[in-house]
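Let me begin by presenting the structure, written as structure tokens, before commenting on it.
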Amino acid sequence: MGGDMDPLLLAWSYFRRRKFQLCADLCTQMLEKSPYDQAAWILKARALTEMVYIDEVDVYQEGIAEMMLDENAIAQVPRPGTSLKLPGTNPTGGPSQAVRPITQAGRPITGFLRPSTQSGRPGTMEQAIRTPRTAYTARPITSSSGRFIRMGTALFEYIFHHENDVKTALDLAALSTEHSQYKDWWWKVQIGKCYYRLGMYREAEKQFKSALKQQDMVDTFLYLAKVYISLDQPVTALNLFKQGLDKFPGEVTLLCGIARIYEEMNNISAASDYYKEVLKQDNTHVEAIACIGSNHFYSDQPEIALRFYRRLLQMGVYNCQLFNNLGLCCFYAQQYDMTLTSFERALSLAENEEETADVWYNLGHIAVGIGDVNLAHQCFRLALVNNNSHAEAYNNLAVLEMRKGRVEQARALLQTASSLAPHMYEPHFNFATISVKIGDLQRSYVAAQKSEAAFPDHVDTQQLIKQLKQHFAVL
């Protein structure tokens, strides 16, 4: 760039090219010369905000405080199909829990990582303390970006995103709303965002509803739905999204919101229908393609799933998870030549040990599928070397040990698995069956009941409990 270019123009050019640090530094130099230059102040605040900006609509971060100190009372026994805490059985006859695995967070595996589920439910203190300050969003910058013209809005975004000081941001938003005589919908949305961050969901709900009365905005619908999901009212959130679709027909973010809720409630076929609607509007929508693909895979249609995953590959998605899924689809669609190359690619692209562990775990499944027990044993062991809390790998190793007749090793492995993932029914069920074989009926019965609690419709568990009860009756 020429040396005589106007510094403000150059700073703005850096901002447009997402070189935020250079932009902020240049603004600082300008402000040293003229401290009251409002344009430089606004641009600097924006640049610092963008560095840590995250799309609030997309992040459902449940911190340690929300888990431990949740005061929002939720019905202890909600009606089936009205709560996300107990997604329950699948009402539509889609894949059941028996064939559709579940993440550590207790959510069906979709093949798509969302900002909210990236760290799962914070299992460790450090995961919970990590504030959601670095997640860049895939959504286009929304209606708010046109409002950075005024100093007040830039200042609010800076305090909220960069300083993470919600209380000060709330004070500023409250003063601004008063100043606009409660006629500016944007400030009401900002107050709602602050209340939401502070866990005051009912207050947030009032603000968002008031903002919607003044002005229909897609973002406001999304924020309000977040509130209802935090209050565990998925049905209310669904109705709200549908109202939004009346005002904004075919809006992708609203359709996606509906699909995600159906998926979390384990109503997979309804979720698929909405993801298909998303693809009609935007046929390069990664989340929709990945979720429809994984649904076909779990519905025993691996060759159709393969088409969706190949589509992602053509679009330039290139990561460990995708090759992992491609490998599994190729294996079950009997395209064996591609299976191992996909997994090799997945291993080379794995960014951390947990991803590596998942690849080895899937390779273990394939080894079982081709009947190579020793290879399977090594793969599950390698999964555990990379991720010592991989419950599924412990479970499958136990089954292999059992086949070799090593009962005690198998029981020890199963106890580890069930303590790591109490929501999985398999370790409980396997422990119960092994215990029956060695005559430990009492412990078998306890384990079988845990298995039934985790997956009430599992026929084998029900039969085992029935047999045990007959046994006890004879005694």
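Where in segment 234-349 are the helices (runs of 4 or more DSSP H), entirely inside, with at least 3 residues that are more than 18 Å from His365 (Cβ to Cβ), of a type in the set (D, E, K, R) and without any contact (Cβ under 8 Å) to a residue 60 or more places away in the chain? Spell out the reasoning first.
Details: elements: 234-247, 252-264, 268-281, 286-298, 302-314, 320-332, 336-349.
So the answer is 234-247, 268-281, 302-314.
Are any residues in segment 379-416 under 24 Å from the mean Cα position of the chain (by Cα), surrounded by fewer than 23 Cβ atoms within 10 Å (Cβ to Cβ) and small (Gly, Ala, Ser), and if so, which ones?
Those that are under 24 Å from the mean Cα position of the chain (by Cα), surrounded by fewer than 23 Cβ atoms within 10 Å (Cβ to Cβ) and small (Gly, Ala, Ser): Ser389, Ala391.
Here are the criteria: (1) in contact (Cβ under 8 Å) with a residue 24 or more places away in the chain; (2) surrounded by 21 or more Cβ atoms within 10 Å (Cβ to Cβ); (3) within 24 Å of the chain's Cα centre (by Cα). Tell me which single one Gly364 does not satisfy.
(3)
Quick one: would you say Lys209 is touching a Phe, Trp or Tyr at 6+ places or on another chain (Cβ under 9 Å), closer than 19 Å to Phe248 by Cα and open to solvent by 30 Å² or more (accessible area, probe 1.4 Å)? Give the steps one after another, and end with the answer.
Values: touching a Phe, Trp or Tyr at 6+ places or on another chain (Cβ under 9 Å): no; closer than 19 Å to Phe248 by Cα: yes; open to solvent by 30 Å² or more (accessible area, probe 1.4 Å): yes.
Taking the combined requirement at face value, the residue does not satisfy it.
Only one of (1) under 22 Å from Lys226 (Cβ atoms); (2) within 20 Å of the chain's Cα centre (by Cα) fails for Ile289. Which number is that?
With respect to (1) under 22 Å from Lys226 (Cβ atoms); (2) within 20 Å of the chain's Cα centre (by Cα), Ile289 is out only on (1).
Which residue out of Phe380, Phe308, Phe323 is more than 22 Å from Pro427 (Cβ to Cβ), touching a Gly at 6+ places or on another chain (Cβ under 8 Å) and not β-branched (Val, Ile, Thr)?
Phe308
I need every pair where a residue in segment 456-467 that is within 13 Å of Ala432 (Cα to Cα) has its Cβ under 8 Å from the Cβ of a residue that is open to solvent by less than 80 Å² (accessible area, probe 1.4 Å) and among the polar types (S, T, N, Q), sequence separation at least 6 or different chains.
Thr461/Ser451; Leu464/Thr433; Leu464/Ser444
How many of the residues in segment 417-432 are part of a helix (DSSP H, G or I), open to solvent by 50 Å² or more (accessible area, probe 1.4 Å) and either touching a residue at least 12 places away in the same chain (Cβ under 8 Å) or closer than 20 Å to Leu363 by Cβ (or both)?
Kept after step one, since they are part of a helix (DSSP H, G or I), are these residues of segment 417-432: 417-420, 425-432.
Those still in the list that are open to solvent by 50 Å² or more (accessible area, probe 1.4 Å) too: 419-420, 426.
Applying the additional criterion that residues be either touching a residue at least 12 places away in the same chain (Cβ under 8 Å) or closer than 20 Å to Leu363 by Cβ (or both) yields 420, 426.
So the count comes out to 2.
If I go through segment 40-88 residue by residue, how many of them are under 28 Å from Val235 (Cβ atoms), aliphatic (A, V, I, L, M), at pLDDT 70 or above and assigned to a helix (DSSP H, G or I)?
The qualifying residues number 1.
Which ones in segment 251-291 are over 23 Å from Met315 (Cβ atoms) and open to solvent by 30 Å² or more (accessible area, probe 1.4 Å)?
Within segment 251-291, Tyr262, Glu264, Ser269 meet the criteria.
Test of understanding: among Asp372, Asp337, Asp300, which residue is closer than 29 Å to Ile261 by Cβ and out of contact with any Cys (no Cβ under 7 Å at 6 or more places or on another chain)? Quick ask: steps written out before the conclusion?
Details: Asp372 fails: closer than 29 Å to Ile261 by Cβ; Asp337 fails: closer than 29 Å to Ile261 by Cβ.
Checking each option against the conditions leaves just Asp300.
Exactly one condition in (1) among the hydroxyl-bearing types (Ser, Thr, Tyr); (2) open to solvent by 10 Å² or more (accessible area, probe 1.4 Å); (3) more than 17 Å from the chain's Cα centre (by Cα) is false for Thr220; which is it?
Of everything listed in (1) among the hydroxyl-bearing types (Ser, Thr, Tyr); (2) open to solvent by 10 Å² or more (accessible area, probe 1.4 Å); (3) more than 17 Å from the chain's Cα centre (by Cα), Thr220 misses just condition (2).
Applying the selection to segment 347-376, what residues are touching a Gly at 6+ places or on another chain (Cβ under 9 Å) and either among the polar types (S, T, N, Q) or more than 17 Å from Phe331 (Cα to Cα) (or both)? Show your work before the answer.
Going residue by residue through segment 347-376, those that are touching a Gly at 6+ places or on another chain (Cβ under 9 Å) are 359, 362-363, 366, 375-376.
Listed by number, the list holds a single entry, Asn362.
The values are calculated or read from the model by the stated rules, or taken from the named source; none is laboratory data. Every value quoted in this text rests on a predicted model; they were computed, and no experiment measured them. Glycine also receives a Cβ, built like all others from the backbone with ideal geometry; neighbour counts cover every protein chain displayed. When the accessible area is computed, the model is the full protein with side chains, heavy atoms only, and any ligands, DNA or RNA have been set aside. Shrake-Rupley method; radii C 1.70, N 1.55, O 1.52, S 1.80 Å.
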